[in-house]
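What follows is one structure encoded as structure tokens, with my remarks underneath.
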Amino acid sequence: MSAALVLRIALPVPLRQAFDYLPPDGHAAGPGDIGCRVRVPFGHRELVGIVVAVAPADPAAGALRSALQILDADPLLVGELRRSLQWLASYTHAPLGEVLATALPGPLRHGEALPTREAWRWRLTEAGVTARDRLRAGSKPRLLAEALGGDGVAEWQLDDLHPGWRTAARSLAQRAFAERIAEAPRGYAQPAQPGPALNPEQEAAVAAIPAQGFAPILLEGVTGSGKTEVYLQAIAACLARGRQALVLVPEIGLTPQTLARFRARLGVEVYALHSGLADGERALTWAACLRGEARVVVGTRSAVFVPLPEAGLIVIDEEHDGSYKQLDGIRYHARDFALVRGKALDIPVVLGSATPSLETLHNAQAGRYAHLRLTTRAGDAKAPNVRVIDVRKRPLAAGLSPETLGAIAAQLQAGGQVLVFKNRRGYAPVLLCHDCGWTAHCHRCDAPMTVHAAGRRLQCHHCGHRQAAPPACPDCGGLALQPQGVGTERLEELLADSFPQVPVLRIDRSTTARKDALEQAFATLGDGPGILVGTQILAKGHDLPLLTLVVVVGVDEGLFSADFRAGEKLAQLLIQVAGRAGRAARPGQVWLQTHHPGHPLLETLLSGGYRALADAELLDRQAAGFPPFAHLAMFRAEAKQVEHVQAFLRAARAALASFDASVELHGPMPAPMPRRAGFQRMQLLLSTAQRPRLHAALQAALPVIDALPEARRVRWSLDVDPTDLY
């Protein structure tokens with residue numbers, strides 16, 4: 001008689017193994033259970049895991065506990081997605097249970113039922129109809145109440161017509177003036193709008209994207225060249241074939257703009273998936289993908305995990321962007337995992353960027369990716385005129401030279417809009433005592449505290465610690481405490497004082513934490529003259545047709561860095577932010593302020609463009625043995641006592657060296673920030689020219705490293721293909 005089958009379950013715990021359980025009472029384990037969620041006892045708690053196999057019970061395993069409940073009638077993780085996630089766990093050397101849990105939205109991860117799709121409508125109550133005219137004229141609740149009318153409006157319509165409506169809806173609901181009601185699901189009823197005529201380069205790019213079969217394609221197009229139009233045409237063709245399309249964007253802020261444009265052009269409901277949504281909304285989108293209801297999905301990094309049973313196309317916009325890399329938990333790269341999924345699904349994957357990553361460019365040059373180019377801006381738009389401003393020996397007001405302030409005034413007087421770019425939030429980077437040289441440092445980190453609120457508050461941007469600025473120097477008692485350097489708050493203050501007749505809006509992490517904050521800021525800017533002051537959030541794909549001048553403050557900060565990727569990142573940032581200017585009929589200007597106008601990076605970028613700089617960087621990387629000509633992995637460890645960190649990394653190094661001497665080991669060495677949030681931090685870098693050797697060494701050494709006594713005294717992580725060596 002054959003042995004009874006048991007369930008082999010991957011649980012969301014940091015252990016590199018699956019766990020065997022007997023099936024629940026009355027349930028016979030079988031292949032149909034693979035991919036289902038199951039609730040099991042684990043120690044003194046209950047966990048939800050995924051069945052990854054069914055197998056005969058091991059007689060030597062002893063008594064097994066029974067699973068409590070099979071949660072799914074049909075598996076959630078099946079076919080390609082399950083196999084791709086197993087590959088990801090193997091590639092990142094992460095526990096399979098944690099990888100599978102990462103792929104599921106929160107409600108599904110915690111055992112809730114797969115949500116059914118419901119359509120929701122907001123309508124006024126009788127009290128709301130009576131009170132509508134008493135609401136403050138021009139307020140958002142009043143505008144929403146007027147839009148709802150008698151029958152109400154579906155939520156998807158409100159998303160398109162009234163961005164930021166949810167706050168107003170909650171306000172009305174709290175006063176019993178409005179209510180949310182469910183209705184039968186119905187399709188998106190808007191007709192598709194025609195797009196602009198494509199130029200020959202765009203037509204050639206659309207024609208080069210195949211209808212089927214795996215094809216990694218780099219779409220390299222200058223800013224404003226119409227890459228999104230190419231995406232839309234390719235997606236429309238995908239929909240016509242009855243297939244699904246997934247579009248990844250780097251930032252939540254790009255999602256509303258992309259959703260509105262895609263809905264209008266494609267005439268279908270476009271689903272969103274990003275961390276700014278409530279858990280229930282994310283679960284609804286994930287479930288709609290699983291059932292094939294979602295035909296087009298636009299999302300950030302985590303959207304790469306949605307099921308695609310009828311996949312036809314994956315698009316990765318701004319593929320170079322660093323936000324596609326997950327920096328904690330499961331350290332995956334969404335771009336690279338999307339390519340793995342595209343190959344498994346046998347569909348084309350389009351990687352679009354004006355400034356492709358050097359890894360992607362290297363793959364294109366080696367013939368592994370098709371390479372399509374858009375070399376001119378779409379329509380009548382022209383490339384902006386770039387001017388380098390030498391600010392040496394010039395008087396500066398909050399980092400701006402008199403010539404720059406004059407140029408801003410001229411553009412505003414002509415009715416244009418201006419973007420002042422500074423990739424540092426806060427009022428100033430450092431608070432300094434002018435008498436004795438004391439600086440305000442975080443007591444938990446090896447870093448100065450950033451000055452906020454015009455010098456009244458200090459905040460550490462690494463651990464989050466906040467405190468009031470001292471009234472006098474703690475060292476000498478002097479009163480000469482002065483903010484040093486410039487942040488976005490200081491620029492905002494100066495520009496608001498200098499140009500009180502126009503709106504001055506600051507866009508950084510501090511001002512965009514609230515949902516819909518970015519769309520509201522753009523709505524406030526409107527179609528008149530105004531100034532945006534912001535960080536890298538503004539460099540990512542936003543289309544501002546009235547923007548005629550971009551001023552970049554603080555170019556020098558990226559010119560001298562120990563990070564081997566610093567030149568690539570700075571060039572990408574400069575080109576992306578410069579690309580916001582002159583995207584419509586009005587010509588654009590870009591002013592780069594610097595104390596180093598003759599720096600080789602700037603000279604190469606201005607004379608030869610991004611391609612010349614990328615070619616030079618690739619030669620330097622090859623000579624130095626850095627990616628893409630080498631493959632890296634990084635062990636990071638931290639503890640309260642540095643001795644514990646050193647002991648663990650030395651033991652890990654010994655374990656790795658015993659398996660493959662050809663893998664180069666560098667360290668243990670202090671992290672670039674040796675102390676953060678009170679923890680001492682060090683790292684160990686692995687490097688080899690052959691990727692299989694790197695993974696073989698890790699596969700062999702990790703069981704030994706997991707069992708090290710030193711490992712229990714530290715918090716440690718492994719990052720395969722690290723993008724930042726910090």
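Read the figures in this text as sums done on the coordinates, not as results from a lab. All values derive from a computational prediction rather than experimental measurement. Virtual Cβ from ideal backbone geometry, glycine too; neighbours counted across all protein chains shown.
Structure data summary
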quantity	calculated
Normalised contact order of region 429-484, rounded percent, pairs of Cα under 8 Å and 6 or more residues apart	39
Residue order, fewest to most beta carbons within 10 Å, for 527, 317, 721	527, 721, 317
Stretch gain in nm, segment residue 125-residue 112, where the contour uses 0.36 nm per residue and the Cα spacing is subtracted	1.5 nm
Residue-count net charge about residue 461 - beta-carbon cut-off 10 Å; Lys, Arg +1, Asp, Glu -1	+3
Listed residues 570, 410, 704: farthest to the positive end of the dipole of the chain (Cβ charges)	410
Cα centroid separation - region 290-368 against region 78-155, whole Å	23
Rounded to the nearest 20 debye, dipole of the chain from Cβ charges on Lys, Arg, Asp, Glu	820
Neighbourhood charge, 14 Å Cβ-Cβ cut-off, centred on residue 390 and excluding it, Lys, Arg +1 and Asp, Glu -1	+1
Peptides 294-301, 688-695 ordered by average Cβ neighbours within 10 Å, highest first	294-301, 688-695
Among [x] -0.34, -0.92; [y] -0.28, -0.97; [z] -0.29, -0.86, the entry derived from the coordinates for log10 I(q)/I(0) by the Debye sum over Cα atoms at q = 0.05, 0.09 Å⁻¹	[y]
Length-normalised contact order of the chain in % [C-alpha pairs under 8 Å, at least 6 apart]	10
Coordinate range along principal axes, alpha carbons of region 468-517, Å, largest first	44, 28, 16
Violating pairs (Cα-Cα greater than 19 angstrom) within the set 227/569; 140/540; 325/540	227/569; 140/540
Cα gyration tensor category, rounded, prolate or oblate, for region 335-479 with a/c compared to 1.5	oblate
Protection proxy ranking, peptides 328-335, 551-558, average beta carbon neighbours within 10 Å, highest first	551-558, 328-335
Net dipole in debye of region 44-183 [+1 Lys, Arg Cβ; -1 Asp, Glu Cβ; about Cα centre; nearest 20]	620
Evaluated over region 631-720, the Cα radius of gyration and Dmax, each in Å	12.4, 37
Residue exposure sequence - 449, 634, 673 - by fewest surrounding Cβ within 10 Å	673, 634, 449
Net charge, residue 65 excluded, C-beta distance under 15 Å - Lys, Arg +1, Asp, Glu -1	-1
Cysteines having no other Cys beta carbon under 4.7 Å from their own, within the chain	36, 238, 289, 463
Spatial separation of Cα centroids for region 1-77 and region 697-726, in angstrom	28
Neighbour-count order for 719, 133, fewest beta carbons within 10 angstrom listed first	133, 719
Dimensionless Rg ratio for region 513-642, taking C-alpha atoms and the 2.2 N^0.38 Å reference	1.32
Ranked by how many other beta carbons lie within 10 Å on average, peptides 343-356, 432-445, 619-632 from highest	343-356, 432-445, 619-632
Range of Cα positions in region 255-397 per principal axis (Å), largest first	63, 41, 40
In region 199-253, the trypsin sites (Lys or Arg not before Pro) that fall in loop regions by DSSP, at most 13 other Cβ within 10 Å	241
Cα principal axis extents for region 180-278, largest first, Å	48, 28, 28
Interatomic Cα distance distribution for region 422-539, bins of 5 angstrom, percent	2, 12, 18, 20, 18, 12, 9, 6, 3, 1, 0
Reachable aspartates and glutamates from residue 343, criterion Cα separation under 13 angstrom, eight or more residues apart if same chain	80
